[in-house]
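Peer 1: My questions will all concern the structure given below.
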Amino acid sequence: MTLEVTGLTHRYGDELALEDVSFEVGAGEMVGLLGPSGCGKTTTVQTIAGHVNPTAGEIHLRGADITADPPERRDVGIVFQEPTLFPHMTVAENVAYGLRPAGVDPDERAAIVDSYLELVSLSEQREAMPAALSGGQKRRVELARALAPQPDVLLLDEPLSALDRGLRDRLREEIARIQRETNVTTLYVTHDQETAMALSDRLVVMSDGQVDGVGEPRELYESPPTPFVASFLGRSTRLPVTPPGNPGLTLESRALAGDGGTPADTGLICLARPNDLTLLDSERTETEHTLAGVVDRVTDLGTRYEVVLVLDAGGELVVETQRVQLEPGERARCTIDRTDLLLFEESSGRVGP
Ligand code: ATP
């Protein structure tokens, strides 16, 4: 493993920002560190870069324990969320800056700078000052500056979140290409699940200072280990379930009232992807496995509709559908294929946003 983070714990005073965080990034791998604001992503990156001393835990880079090393002794490249180019230096000088501590001679330094400017398609802006660059170009200069010293690991802390959507999508492609071409071991931090899924070979999902799940994006999406991962990686909506002891899981809203149970009694959290739920034709007779309720609102999302039902059993259910003829206030039912249900023990953690 190139980067190994083991049992990382960090307190800011009384605030426990990281609790026993462990994950690995293999050579040449792009790992996405994904989680909501405040879950501890930046603190994790800052401990790897050496700007924050963890309360406990270890960081190994290419087998060496770097936990106590000062930042300049670590072979780590970093790009932050906010631009950090030196305004009084040209593009080339900014890129060369990172090479200085490495003691590279001037000719070699110029050649390295040129090759990294070419990599990020900015050769023509070599002598430009940062103020003359667009937001996307500045990000690319920072990427070149972080890569030029050929770090053992590249840390990207939300590098695209300050950009508008079109530019963000283009730069995301660009980062994927650059990572493939350089094969640099990369930890990509983001709160945006789409960016994380699109870029990452593997994902580390965090919530509340802890690691909630590690795996390939598709595997985590399809078999989320916790309710939080299910709801943060893609959308989910919660279904009421009957108390334990009943044969199978009965998605029949009356069962809740009939058996005197509430969702909390079952010890189970049952989630579904809104696009796995099917609205039933009102002509059809009621089957065992339906959830009935009243349409609260219908939103046209362009490529699909979102229908929110207030269930007879209590709670709201979100259904995504291609066509809809229902109006708010009308009764509706929906069903789901049992294999699409995501079931968790109540004790397995909180449901995410
Ligand atoms: P964001 O995406 O908003 O930057 P994050 O996932 O990167 O969030 P961190 O910035 O690592 O999360 O913060 C983790 C927790 O530690 C938060 O509760 C935050 O309020 C707290 N925290 C972060 N930095 C400090 C600090 N310097 N002093 C005190 N508390 C801090």
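Since every read-out is calculated from the coordinates, none of them should be taken as a lab result. Keep in mind that what you see is a predicted model, and the values were worked out from it rather than measured. Here the Cβ positions follow ideal geometry from the backbone for every residue, glycine too, while neighbour counts run over all protein chains shown.
Peer 1: For ALA128 and ALA162, what does the FRET efficiency come to when R0 = 25 Å and r is the distance between their Cβ atoms, rounded to the nearest 0.05?
Peer 2: The formula returns an efficiency of 0.80 here.
Peer 1: List the relative contact order of the chain as a percent without decimals, with contacts defined as Cα pairs under 8 Å and 6+ residues apart.
Peer 2: Dividing the mean separation by the residue count of the chain yields 16 percent.
Peer 1: Among VAL52, ALA132, VAL31, whose Cα projects farthest towards the positive end of the dipole of the chain, with charges put on the beta-carbon of Lys, Arg (+1) and Asp, Glu (-1)?
Peer 2: Checking the options against the dipole of the chain, the answer is ALA132.
Peer 1: Is it possible to state the helix-based mean residue ellipticity at 222 nm for the chain, with each DSSP H run of 4+ residues giving -39500 (n - 2.57), the sum divided by total residues, to the nearest 500 deg cm²/dmol? What is it?
Peer 2: Value at 222 nm, helices only: -7000 deg cm²/dmol.
Peer 1: Hey, another quick one. Going by C-beta contacts inside 10 Å, put MET1, MET206 in order with the fewest on the left. Mind showing how you got there, number by number?
Peer 2: Working: MET1 15, MET206 25.
With the fewest neighbours first, MET1, MET206 line up as MET1, MET206.
Peer 1: Would you pull out the residues with amide H under 5 Å of GLU216's amide H, same chain only if 5 or more places away, H placed 1.01 Å from N?
Peer 2: Amide H neighbours of GLU216: LEU203.
Peer 1: State the Cα centre-to-centre distance between the range 42-118 and the range 208-223 in whole Å.
Peer 2: Going from one Cα centre to the other spans 29 Å.
Peer 1: Related question: Could you tell me the relative contact order of the range 51-186? Use alpha-carbon pairs under 8 Å, at least six residues apart, and round to a whole percent.
Peer 2: 32 percent
Peer 1: Can you work out the Karplus-derived ³J(HN,Hα) for every residue in the range 221-233? Use 6.51 cos²θ - 1.76 cosθ + 1.60 with θ = phi - 60°, whole Hz, and x for glycine or proline.
Peer 2: Values, residue by residue: 5, 7, 10, x, x, 9, x, 5, 4, 4, 8, 8, 9 Hz.
Peer 1: If you count, for each residue, the other Cβ atoms within 10 Å and average over each peptide, how do 309-320, 152-163, 13-24 line up from highest to lowest?
Peer 2: 152-163, 309-320, 13-24
Peer 1: For the range 116-194, what class follows from the C-alpha gyration tensor (a ≥ b ≥ c being the square roots of its eigenvalues): rounded when a/c is under 1.5, otherwise prolate if a/b is larger than b/c, else oblate?
Peer 2: Oblate.
Peer 1: How much of the DSSP bridge set in the chain is antiparallel, in percent, rounded to the nearest 5?
Peer 2: 75 percent
Peer 1: Additional query: What list do you get for VAL189, VAL294, VAL184, VAL91 if you sort them by fewest beta carbons within 10 Å? Write down the numbers at each step before the final one.
Peer 2: Working: VAL189 25, VAL294 15, VAL184 21, VAL91 28.
Result, fewest neighbours first: VAL294, VAL184, VAL189, VAL91.
Peer 1: Can you give the FRET efficiency to the nearest 0.05 for GLU173 and ARG73, using r as the Cβ-Cβ distance and R₀ = 41 Å?
Peer 2: 0.75
Peer 1: Note down the nm distance, to one decimal, between modelled labels 7 Å out along Cα→Cβ at SER37 and at ASP14.
Peer 2: Label at SER37, label at ASP14, 2.3 nm between them.
Peer 1: To the nearest 20 Debye, how big is the dipole of the chain about its Cα centre, given +1 on the beta carbon of each Lys and Arg and -1 on that of each Asp and Glu?
Peer 2: Charge dipole of the chain: 540 debye, to the nearest 20.
Peer 1: Ok, one more. How much of the pair distance distribution for the range 68-113 lies past 12 Å, counting alpha-carbon pairs only, in percent?
Peer 2: 68 percent
Peer 1: Next question. Taking the 0 to 90 degree range and rounding to the nearest ten, how far is the long axis of helix 135-147 tilted relative to the main principal axis of the chain, both from C-alpha atoms?
Peer 2: 70 degrees
Peer 1: For Cα pairs less than 8 Å apart in space and 6+ apart in sequence, what is the mean separation divided by the residue count of the range 150-210, i.e. the relative contact order in percent? Can you show the working numbers first?
Peer 2: Values: 39 pairs, mean separation 25.4, N = 61.
Relative contact order of the range 150-210: 42 percent.
Peer 1: Something else now. Based only on other Cβ atoms within 10 Å, what is the fewest-to-most ordering of ARG304, ARG323?
Peer 2: Arranged by neighbour count, lowest to highest, ARG304, ARG323 become ARG323, ARG304.
Peer 1: Also: Just the Cα atoms of the range 3-225: what Rg and Dmax do they give in Å?
Peer 2: 17.3, 53
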